[in-house]
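Report on the structure given below.
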Amino acid sequence: MIEDALRYQTQGDDWLKRVAIGGGVLFLGFLLVPLFTFQGYMLEVMRRVMRGETETPPAWGDLDLVETTVDGVRHTVVVLGYGLALLVVLAVPGVVMFVGIAGESGALAVLGVLVGGLVYLAGVLAMAAVLPVATGNFVKEDSIAAGFDLDVLRAVVTNRTMLMAVLMAFAVNIIVSAVSSVLGFTIVGYLLVPFVAFVGQSGIMYIWAEGFADAYEEEYGEPPLAPEAGFGAGTDATTGVRDESTDRVAGETDDDSATGWDDDSTSAWDDDSTGDWDDTGDDRY
């Protein structure tokens, strides 16, 4: 899956254009709005992969950029919600540490630091497992509230398939970070980092989508999203053209199928046949 994920954005004849635009959008992230557009595009990647459309990444020209940007903003609300929850949990050891420092109690301050470190580590790991599921359900329902659906979180977060996807996405993140670090040693390489990040983030969303779709189907017995009209069995995922030959039911024949007495068949007594009683009247024995 990792190889497929990393190759995802290199599919199609216009992949260079798609990656160039994606990297350019990320390069302009300091303007803030492009970051939401970038995130909205990644949500569209996840949406398509969840529908099983893995051969055709979204083309920038086919997207409504305003709607895409709004999707990115809405998803950011979900991410911030979980970030806020983590901060609230971290506040407890923070208070303990502050009280220890204020009361000149070294032991209490150290305890606060240790507990805070453990809570932070546990929180980061929990976020790594929860966010892919929250994002997947957000995409499925197209709703901010769905990102906090506890029933789905309980069912899918601990699913083995989903956990494997989280680990593979983490591996992709390490690979992309390593490549970006190497490129960062030169000015030209540094300019390429946003484009590498675009390909890498697309790969991560690809893995999240595959993992969520498989885990959701395992838990609920149905896929989270059905393929759009024009996609699915018998359809070329690249062109969207349906192959009607796959619609034929086994045993069904065409209108012009060969029969015992079809239009072109040669009967036993046609005009040119030479039978036992031909036109000359000669008897044959």
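Computed from the coordinates by the stated procedures, all read-outs in this text should not be read as laboratory data. Everything numeric here is computed off the predicted structure, so don't read it as measured data. In this analysis, Cβ positions are derived from the backbone assuming ideal geometry, glycine residues included, and neighbour counts consider all displayed protein chains.
Determine one quarter of the surface area of the Cα convex hull of the range 2-220, which equals its mean projected area, and express it in nm² to one decimal.
In nm², the orientation-averaged hull projection of the range 2-220 is 14.3.
Pulled fully out, how much extra length does the chain show between Thr10 and Leu86, if you take 0.36 nm times their separation in residues and subtract their Cα-Cα distance?
23.7 nm
Can you tell me how the range 14-142 classifies by the Cα gyration tensor, rounded, prolate or oblate, using a/c under 1.5 as the rounded cut?
prolate
Taking neighbour counts of Cβ atoms within 10 Å as a proxy for exposure, in what order, fewest first, do Glu67, Glu228 appear?
Exposure proxy ranking, most exposed first: Glu67, Glu228.
Report the paramagnetic label zone for Leu114: residues of the range 59-98 whose backbone N is under 19 Å from a point 7 Å from Cα along the Cα-to-Cβ axis.
Taking a point 7 Å out along Cα→Cβ of Leu114, the residues of the range 59-98 whose backbone N falls under 19 Å are 90-98.
Dipole size in debye (nearest 20) for the range 2-220 around its Cα centre, Lys and Arg Cβ +1, Asp and Glu Cβ -1?
In debye, rounded to 20, the range 2-220 gives about 600.
What is the percent of Cα-Cα separations in the range 24-86 that go past 18 Å?
41
Quick one: if you stick a label point 7 Å off each Cα along the C-beta vector at Ala126 and Asp64, how many nm between them?
3.7
Which whole-angstrom value gives the distance between the alpha carbon centres of the range 20-80 and the range 149-210?
First find each Cα centre; the distance between them is then 15 Å.
Pairs of Cα atoms under 8 Å, at least six residues apart: use those to get the relative contact order of the range 2-220, whole percent.
Relative contact order for the range 2-220 comes out at 29 percent.
Once you have a ≥ b ≥ c as the square roots of the Cα gyration tensor eigenvalues for the range 82-186, tell me rounded if a/c is under 1.5, and otherwise prolate or oblate according to whether a/b is larger than b/c.
oblate
Taking the number of other C-beta atoms within 10 Å as the exposure measure, put Trp60, Trp208, Trp15 in order starting with the fewest.
In order of increasing Cβ crowding within 10 Å: Trp15, Trp60, Trp208.
Net charge near Gly61, counting Lys/Arg +1 and Asp/Glu -1 over other residues with Cβ under 12 Å of its Cβ?
Around Gly61, the charge tally is -1.
What order do you get for Val133, Val92, Val78 when you list them from fewest to most C-beta neighbours inside 10 Å?
Val92, Val78, Val133
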